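Everything below concerns the one structure shown next.
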Amino acid sequence: IKSLGDTTPRGAYWLKTHPIQKTEAVGSIVDVVIKPKYSTYTIDDGSGCMNCTVFYSSQENSKLKDLSLGDVVRVVGGISTFRDRREIRIEKIAPERDPNALTLHWLECAQLAAEVYSKLSPIHVECEEERKKGRCSSKR
């Protein structure tokens, strides 16, 4: 997430030529801040730490009390910027029971990087074809 580029007009971030709005992370909880309306979990996935914030009602708060420092969790959510730092706005957070979850997630990320993100996105493939015909001026 740290390597994402600027935002698009629709709130996505650029990862090379791919617009990214949501992400999934697997890591250990290294810090927890619990407030009346939200909780922020700092997740360390081995490449660095990322703040992950969830806003909740009182019912949702009780579900999150089962999470504690050192737990390995899977977080799914949208990417946002708060106080000039990128964070994940949690849509789903769950403890990982599989001791190999972090390693498997790293392998999935490496595969995505090699097979998807290292290539032009379909949007840019189409634009490259149009640029050759003189009909597209995008430089991304």
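Key figures for this structure:
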| item | result |
| --- | --- |
| Total residues in region 81-110, condition in contact (Cβ under 8 Å) with a residue 12 or more places away in the chain and surrounded by 14 or more Cβ atoms within 10 Å (Cβ to Cβ) | 11 |
| Where Asp66 falls short, out of the listed (1) at pLDDT below 75; (2) in contact with a strand residue (DSSP E or B) (Cβ under 8 Å, 6 or more places away or on another chain); (3) open to solvent by 80 Å² or more (accessible area, probe 1.4 Å) | (1) |
| Single match in Ile43, Ile34 (criterion: more than 22 Å from Leu112 (Cα to Cα) and either surrounded by fewer than 17 Cβ atoms within 10 Å (Cβ to Cβ) or modelled with pLDDT of 90 or more (or both)) | Ile34 |
| Qualifying residue in region 121-133 (condition: modelled with pLDDT of 90 or more and open to solvent by 50 Å² or more (accessible area, probe 1.4 Å)) | no |
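The values are calculated or read from the model by the stated rules, or taken from the named source; none is laboratory data. Here the structure is a predicted model, which is why all the values come from computation and not from measurement. Cβ coordinates were reconstructed from backbone atoms using ideal geometry, including for glycine residues, and neighbour counts include every protein chain displayed. Note: accessible area is taken over every heavy atom of the protein model, side chains too, but ligands, DNA and RNA are not part of it. Shrake-Rupley method; radii C 1.70, N 1.55, O 1.52, S 1.80 Å.
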